[in-house]
Amino acid sequence: MKILVTGAAGFIGSKLMQMLAERGDEVVGIDNINDYYDPQLKYGRLRECGIATDEPEMEWGRTICSTTLPNCRFIRMAIDDKAALDSLMAEEKFEKVVNMAAQAGVRYSITHPYVYLQSNIVGFLNVLEACRNFGVKHLVYASSSSVYGMNTKVPYNEDDKTAQPVSLYAASKMSNELMAHAYSKLYGFATTGLRFFTVYGPWGRPDMSPMLFAKAITNGEPIKVFNNGDMIRDFTYIDDIAEGTICAINHQPDASKCASGVPFKVYNIGCSHPVRLMDFIAEMEAAFGIEAKKDFLPMQPGDVYQTNADTSKLESECGYKPHWTLHEGIQEFMKWYKTIYN
């Protein structure tokens, strides 16, 4: 199968590109390698896939072939560059597209709202238009657990209301789901949205709590504990997330089996074993052998008290089965962190 992965230098996108290529798919990855966080981390992820450059940064539009995965290529490209994306789609004729490209971060959306509209709305529209115009049969795209917003019913089920977002980031992800449904209805190609819950593991984002905690613990600095530690998160290891995404790629929605005959699906993808924030911190303290200093703070704008995924739909329809325990995942993360940041 020939697959385009956008956001391929990202945390999930890079792991997904690697796993798809390892199973034998022909994979092309694209990413704009922006500076929302240190681009060197993104280059490090690409090197894990055998994609590297001798230059300080990758040249825009240049194709780099993997030295370890012969069926994998990477191009520095942004999804909000419609002309470049259309040219790539016309040339490559992908069967499936996996859109992991997006401006991430709930708190960043409070201070930089326009960035989210350009990447998460305009960029996603470009992806939808490219799928429509160039014969893509199935689009899988990243949504987020943040779409559940002020919903207090747990665990979150895909049929729960999502009309009360608490951040622009969440609103942009909910917009993606609505846009995808409209395109599936209008043009008949299948779309699958994945509502990711809190992801952690090696090569994780530095703005996420595991990386922030690890840095503070190893440097002897206090960690910021929001809502005074009274928070719950459905922490999910990166390998489970990537494998679940592949399950969704493998199961293209059948219009005859979907509501109103529209080939559109949305799935939660998490661990289904939510963890209290203080317990997560305790697991990290044990892994690093250091007791963390803690700075207890109030809830931050855009945050929610808990995330808790009901993944039964993805399990029953696509065969998803997370198997990494929190202890195992934290151990792997700690080994990687000590190797990379020693």
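Given the criteria open to solvent by less than 20 Å² (accessible area, probe 1.4 Å), in contact (Cβ under 8 Å) with a residue 60 or more places away in the chain and not in a loop (DSSP other than H, G, I, E, B), does Thr218 qualify? Answer is no for this residue. Residue count for the range 44-62 satisfying the condition of being in contact (Cβ under 8 Å) with a residue 24 or more places away in the chain and outside any loop (DSSP other than H, G, I, E, B): 4.
Within the range 221-240, restricting attention to residues that are out of contact with any Gly (no Cβ under 9 Å at 6 or more places or on another chain) and closer than 23 Å to Asn268 by Cα, which residue is most open to solvent (accessible area, probe 1.4 Å)? Of everything passing the filter in the range 221-240, Arg233 is most open to solvent (accessible area, probe 1.4 Å).
Only one of the numbered conditions (1) modelled with pLDDT of 95 or more; (2) open to solvent by 50 Å² or more (accessible area, probe 1.4 Å); (3) part of a helix (DSSP H, G or I) is violated by Gln252, and that is (3). Using the structure shown, decide if Ser146 is touching a residue at least 24 places away in the same chain (Cβ under 8 Å), in contact with a Lys or Arg (Cβ under 7 Å, 6 or more places away or on another chain), surrounded by 22 or more Cβ atoms within 10 Å (Cβ to Cβ) and over 23 Å from Asn250 (Cβ atoms). Yes. Check whether at least one residue in the range 5-22 is among the aromatic types (Phe, Trp, Tyr), more than 16 Å from the chain's Cα centre (by Cα), modelled with pLDDT of 95 or more and not in a loop (DSSP other than H, G, I, E, B), and report yes or no. No, there is no match, as no residue in the range 5-22 is among the aromatic types (Phe, Trp, Tyr), more than 16 Å from the chain's Cα centre (by Cα), modelled with pLDDT of 95 or more and not in a loop (DSSP other than H, G, I, E, B). Quick check on the range 26-41: of everything there that is modelled with pLDDT of 95 or more and open to solvent by 10 Å² or more (accessible area, probe 1.4 Å), which residue is farthest from Asp81 (Cα to Cα)? Ranking the candidates gives Glu26 first. The set of residues in the range 184-202 that are out of contact with any strand residue (DSSP E or B) (no Cβ under 6 Å at 6 or more places or on another chain), farther than 27 Å from Met231 by Cα and open to solvent by less than 30 Å² (accessible area, probe 1.4 Å) contains only Phe189. Flag: Arg73 matches the condition of being out of contact with any helix residue (DSSP H, G or I) (no Cβ under 9 Å at 6 or more places or on another chain) and buried (at least 18 other Cβ atoms within 10 Å of the Cβ). Selection of first residues in the range 230-243 that are within 28 Å of Glu22 (Cα to Cα) and of second residues that are of a type in the set (Asp, Glu), restricted to Cβ pairs under 8 Å at least 6 apart or on distinct chains, gives the following pairs, ordered by first then second residue: Tyr237/Glu328; Tyr237/Glu332. When Gln306 is tested against (1) open to solvent by 70 Å² or more (accessible area, probe 1.4 Å); (2) under 20 Å from the mean Cα position of the chain (by Cα); (3) under 30 Å from Asn219 (Cα atoms), exactly one condition is not met: (1). Within the range 116-135, the set of residues being free of Cβ contacts under 8 Å to residues at least 60 places away in the same chain and of a type in the set (Val, Ile, Thr) comprises Ile121, Val122.
Screening the range 287-304 for residues that are out of contact with any helix residue (DSSP H, G or I) (no Cβ under 7 Å at 6 or more places or on another chain) and not small (Gly, Ala, Ser) and picking the one that is farthest from Phe196 (Cα to Cα) gives Lys293. Between Ile281, Ile241, which is in a helix (DSSP H, G or I), within 30 Å of Lys2 (Cα to Cα) and not polar (S, T, N, Q)? Checking each option against the conditions leaves just Ile241. With the requirement that a residue be open to solvent by less than 60 Å² (accessible area, probe 1.4 Å), part of a loop (DSSP other than H, G, I, E, B) and hydroxyl-bearing (Ser, Thr, Tyr), what does the range 149-169 give you? If the condition is that a residue be open to solvent by less than 60 Å² (accessible area, probe 1.4 Å), part of a loop (DSSP other than H, G, I, E, B) and hydroxyl-bearing (Ser, Thr, Tyr), then Thr162, Ser167 are the ones that fit. Residue count for the range 261-275 satisfying the condition of being more than 19 Å from Lys161 (Cα to Cα), open to solvent by 40 Å² or more (accessible area, probe 1.4 Å) and either part of a helix (DSSP H, G or I) or modelled with pLDDT of 90 or more (or both): 1.
The values are calculated or read from the model by the stated rules, or taken from the named source; none is laboratory data. What you see is a predicted model, and the numbers here were worked out from it, not measured in a lab. Note: ideal-geometry Cβ built from the backbone for every residue, glycine included; neighbour counts use all protein chains shown. Quick note on the areas: whole protein, heavy atoms, side chains included, nothing else; ligands and nucleic acids left out. Shrake-Rupley method; radii C 1.70, N 1.55, O 1.52, S 1.80 Å.
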